[in-house]
Amino acid sequence: MTSIVDSFNQGRKKAPISFEIFPPKGDLTLDQAREVAGGLAVLDPSYISVTCSAGGSSLAGKSPNATARTVSMIQEEFGVRGMAHVTCIGATEESLAEVIADLKARDISTVLALRGDLVEGAQPGPFKLAVDLIPRLKEAGFTVAAAAYPEGHVDCLDPQDNIRHLKAKQDAGADFFVTQLFFSNDVLYRFLEDAHKAGVTAPIDCGIMPFMSKSQIQRMVFLCGASLPSPIIKLLAKYEDSEDDLLKAGVEYAAQQLVDLDAHGVDGLHLYSMNRPAVARACVEAVRAARG
Ligand code: FAD
């Protein structure tokens with residue numbers, strides 16, 4: 001398989017489309033994750049990334065690791081490139097070495113290097129930030145992605161610091177970026193301009209999450225600090241009593257965002273699929289229809 005990095009739009013129209021899924025957890029079994037992955041694989045994505053739990057279940061010494069197992073399944077059973085999310089905040093040198101060995105043994109070559117958020121009661125380890133993790137994963141031979149924040153990370157109040165932190169991740173070895181969700185493409189375009197001016201040349205994959213319910217959007221805004229443009233606030237008010245209509249409106253809104261990003265020639269379109277292949281299909285079909 002060629003590297004994910006080579007799949008990004010380099011000045012061409014038609015950005016590659018990729019998806020994010022959650023691994024088996026709680027009630028979700030590996031078979032259900034397989035069904036989700038299968039439903040996404042038929043949409044011919046450039047890659048599918050698999051999250052890990054907050055604090056890093058991938059680093060908790062749990063065996064077998066749900067993230068890595070799911071990425072292997074995607075690659076082996078569906079022939080689609082996979083990317084494993086790896087967090088470092090609670091990791092030790094030993095646990096990181098274990099994770100790296102597990103990923104290598106499963107032929108996983110691309111990882112998203114994240115700090116993660118400290119879970120209650122856990123101790124921070126030697127890795128404080130994603131920039132501490134990225135070089136370790138590069139040394140181990142991985143293609144390494146990192147997170148980018150069009151509106152800044154919730155703990156980062158200065159937009160210039162936000163761009164400096166992004167550039168520092170590139171300097172530490174990040175090969176490409178995946179953005180946090182955003183609901184305003186104008187915000188993204190300004191961010192891309194600032195990033196490029198600051199010397200960020202690595203591809204930036206643009207993450208879009210269709211809103212599906214009022215509670216989901218509230219959670220996302222609170223967790224990610226994403227701002228809500230007035231068209232969304234109006235849709236939330238209009239459909240507040242109808243979950244189905246709100247879901248439909250959320251998918252349509254995300255599809256419009258993706259179509260607009262594609263027309264602007266962004267490097268890549270990354271859909272937070274929420275493990276809903278039907279939602280992903282509707283978005284992909286909208287993009288492909290707009291391409292003609
Ligand atoms: P960092 O880049 O290390 O940033 C953390 C904080 O430190 C920020 O406030 C930042 O501005 C600041 N900072 C960064 N670099 C520097 C520097 N050089 N000097 C000083 N300050 C700096 N979480 C999960 O638990 N599991 C997942 O699977 C997961 N997937 C994600 C996927 C994407 C695409 C994104 C955008 C986020 C994901 N997250 C996930 C959430 C992520 O773990 C949190 O946002 C976390 O709080 C920050 O992780 P980071 O890697 O961006 O951290």
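The values are calculated or read from the model by the stated rules, or taken from the named source; none is laboratory data. Just so we're clear, the structure is a prediction, and the values are computed from it rather than from any experiment. Quick reminder, even Gly has a Cβ in these numbers, built from the backbone with ideal geometry, and neighbours come from all protein chains shown.
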Qualifying residue in segment 240-258 (condition: farther than 29 Å from VAL42 by Cβ, part of a loop (DSSP other than H, G, I, E, B) and without any contact (Cβ under 8 Å) to a residue 12 or more places away in the chain): yes
Any chance GLU151 is assigned to a loop (DSSP other than H, G, I, E, B), away from the ligand (no atom under 16 Å from the Cβ) and not polar (S, T, N, Q): no
Residue within segment 186-198 that is part of a loop (DSSP other than H, G, I, E, B) and at pLDDT 95 or above present: yes
Flag for PHE142 being more than 10 Å from the ligand (Cβ to nearest atom) and touching a helix residue (DSSP H, G or I) at 6+ places or on another chain (Cβ under 9 Å): yes
Residue, surrounded by the fewest Cβ atoms within 10 Å (Cβ to Cβ), within segment 234-244, restricted to residues that are of a type outside the set (Ser, Thr, Tyr) and farther than 14 Å from PRO210 by Cα: ASP241
In segment 91-136, residue nearest to the ligand (Cβ to nearest atom) [restricted to those that are in a helix (DSSP H, G or I) and of a type in the set (Asp, Glu)]: ASP132
Residue in segment 214-232 that is in contact with a helix residue (DSSP H, G or I) (Cβ under 9 Å, 6 or more places away or on another chain), of a type in the set (Phe, Trp, Tyr) and on the phi < 0 side of the Ramachandran plot present: no
Selected residue [among the hydrophobic types (A, V, I, L, M, F, W, C), surrounded by fewer than 16 Cβ atoms within 10 Å (Cβ to Cβ) and out of contact with any strand residue (DSSP E or B) (no Cβ under 7 Å at 6 or more places or on another chain)] from ALA289, ALA249, ALA226: ALA289
Given (1) touching a helix residue (DSSP H, G or I) at 6+ places or on another chain (Cβ under 6 Å); (2) farther than 25 Å from HIS264 by Cα, index of the condition ASP175 fails: (2)
Subset of segment 260-286 [among the aliphatic types (A, V, I, L, M), over 17 Å from the mean Cα position of the chain (by Cα) and buried (at least 20 other Cβ atoms within 10 Å of the Cβ)]: none
First in segment 262-283 and part of a helix (DSSP H, G or I), second anywhere and of a type in the set (Phe, Trp, Tyr), Cβ under 7 Å, 6 or more apart: ALA280/PHE19
Residues of segment 60-90 that turn out to be away from the ligand (no atom under 11 Å from the Cβ), of a type outside the set (Val, Ile, Thr) and not in a helix (DSSP H, G or I), as a count: 9
